[in-house]
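Just dropping this structure here.
The values are calculated or read from the model by the stated rules, or taken from the named source; none is laboratory data. None of the values given here were measured: they were computed from a predicted structure. Glycine gets a Cβ as well: all are built from the backbone with ideal geometry, and neighbour counts include every protein chain shown.
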Amino acid sequence: MNDHILDSEVQQYINSHLNDDVHKIAMAKSPFPEVSPKELANQIAAKNKSVKKLPAWYHQELIYYPLLLSIEQCSSESTAAYKATLARGESLIDLTGGFGVDSLYFAKRLKSVTHCEINGELSAIAAHNAKALNQHNIQFLPTDGIAYLENNQSQFDNIYIDPARRSQTGKVFQLKDCTPDVVQNLDLLLSRASRIIIKTAPFLDISAGIKELKNVTEVHVVSVRNECKELLWVIEKTIAKDVRIVCITLNEQEKTFSFFRGEEHSDSEITPGPLQQYLYEPDTALLKGGAFQLIASRYGLQKLDSQTQLYTSDQVIEEFPGRRFRINGLISATDLKKEKDLRANVIARNYQDKAENLVKKYKIKSDNHRFLIFTQSKKEGYLIIDSTIEQHY
């Protein structure tokens, strides 16, 4: 950690060059002998990355930014604030503290937080920024979190861990392939806290994760603007009869859809129905959670087709977590080809071609309101639905 980056002249330079080309800054001569051009470029790039993701950091003076990769990998403020609501009691240890965003939000709700980070420089940066942000109930330890637990008998109300994948190839992985190995160390974690909160990437299979871990009580599927951001696994010492799935959409208006896995499995198959006045597409969090039948039964919807996760109704359901479209009518492929200056967004669900291919085939230009939904129904076969979007999230 180069303390000269915090000098007032350097900070003024960073703030006045936020709109400049960081590649040129990295290659040019630094105006400060104690700060390299690469360091200046990284501070500018990392701060720019934080403007929407970490607004509290961005707008606070004297924030020290780590390597850009740490900013890209850390939680956003919205997801950190949500996971902090999962903690119970007064204390928590973050075994993989990183830049410290999650630790800071846990500290806003708990009496004390311990932040472990094996990278000493990153630990020092997180400690400095917590002080700058006026959060003083976090203890920063430049150490391996698992080793720390192994070498003392400290007890906590919560343990939080964000294991990193060892392999970056492909999207299918198991928790045992991550570091720290949560599966191997689960008994140690349960011996030191009554509640374990594990963050993983969203593409980890929920059923596989439940099989790998013991005592999973809840899985939280977190999305922002219809993009699944992370899975949060809550583990407790008492074995639950059924695992609760919580699908949370963190948009301007938060919406939650929760259920027990047994409810979806026991729910009867929804009979596909005809296209009605409105079409509903569930948020990615609900699709990841797998509540395909419950979505229909709880909101009084009909599925358009048993193999298509699109739902239809004559009613406007404001609380539905996902996109809502008003149906203008059906359009044939022949009429679509005849339309001049065709403008729309394209969705393809259970259709014979991909959306990007359909855009090229029909020469469709982007539009903010009109959507062409290429899909199929059991009764009518392949459909092209002309619609107007009324709710994005």
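When you look at Ser258, is it outside the structural domain of Asp162 (by TED's automatic domain parsing), over 20 Å from the mean Cα position of the chain (by Cα) and farther than 28 Å from Glu72 by Cα, yes or no?
no
Right, next: Tell me, which helices (runs of 4 or more DSSP H) lie completely within the range 292-393 with 1 or more residues that are among the aromatic types (Phe, Trp, Tyr)? Step through it out loud before you land on a result.
Details: elements: 292-299, 333-338, 355-362.
Passing ranges, in order: 292-299, 355-362.
Any residue in the range 1-20 that is in contact (Cβ under 8 Å) with a residue 60 or more places away in the chain sitting within a Cβ distance under 9 Å of a residue that is acidic (Asp, Glu) and surrounded by 12 or more Cβ atoms within 10 Å (Cβ to Cβ)? List the pairs, counting only those 6 or more apart or interchain.
Qualifying pairs under 9 Å: Met1/Glu121.
Hey, among Leu330, Leu342, Leu372, which residue is out of contact with any helix residue (DSSP H, G or I) (no Cβ under 9 Å at 6 or more places or on another chain), outside the structural domain of Ser223 (by TED's automatic domain parsing) and either under 21 Å from Pro272 (Cα atoms) or surrounded by 14 or more Cβ atoms within 10 Å (Cβ to Cβ) (or both)?
Unique residue meeting the criteria: Leu330.
Right, something else. Among the listed residues Lys354, Lys365, Lys360, which satisfies the condition of being closer than 12 Å to Ala344 by Cα, in the same structural domain as Lys340 (by TED's automatic domain parsing) and loosely packed, with under 14 Cβ neighbours inside 10 Å?
Lys365
Among the residues of the range 118-137, how many are over 20 Å from Leu62 (Cβ atoms) and either aliphatic (A, V, I, L, M) or in contact with a Phe, Trp or Tyr (Cβ under 9 Å, 6 or more places away or on another chain) (or both)?
So the count comes out to 1.
Only one residue in Phe106, Phe140 is modelled with pLDDT of 95 or more, crowded, with 17+ Cβ neighbours inside 10 Å and part of a helix (DSSP H, G or I). Which one?
Phe106
Moving on. Among the numbered criteria (1) free of Cβ contacts under 8 Å to residues at least 60 places away in the same chain; (2) farther than 25 Å from Ala164 by Cα; (3) touching a Leu at 6+ places or on another chain (Cβ under 9 Å); (4) surrounded by 21 or more Cβ atoms within 10 Å (Cβ to Cβ), which one does Leu40 miss?
(3)
How many residues, within the range 10-51, are among the small types (Gly, Ala, Ser), within 19 Å of Ile71 (Cβ to Cβ) and assigned to a helix (DSSP H, G or I)?
5
Yes or no, residue by residue, for (1) surrounded by fewer than 20 Cβ atoms within 10 Å (Cβ to Cβ); (2) at pLDDT 90 or above; (3) among the basic types (Lys, Arg); (4) out of contact with any strand residue (DSSP E or B) (no Cβ under 7 Å at 6 or more places or on another chain):
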{"residue": "Phe173", "(1), (2), (3), (4)": "yes, no, no, no"}
{"residue": "Gln184", "(1), (2), (3), (4)": "yes, yes, no, yes"}
{"residue": "Lys211", "(1), (2), (3), (4)": "yes, yes, yes, yes"}
{"residue": "Thr217", "(1), (2), (3), (4)": "yes, yes, no, no"}
{"residue": "Val221", "(1), (2), (3), (4)": "no, yes, no, no"}
{"residue": "Thr249", "(1), (2), (3), (4)": "no, yes, no, no"}
{"residue": "Phe259", "(1), (2), (3), (4)": "no, yes, no, no"}
{"residue": "Gln276", "(1), (2), (3), (4)": "yes, yes, no, no"}
{"residue": "Pro282", "(1), (2), (3), (4)": "no, yes, no, no"}
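For Ser70, all conditions in the list (1) touching a Gly at 6+ places or on another chain (Cβ under 9 Å); (2) buried (at least 21 other Cβ atoms within 10 Å of the Cβ); (3) not in a strand (DSSP E or B) hold save one; what is the number of the exception?
(2)
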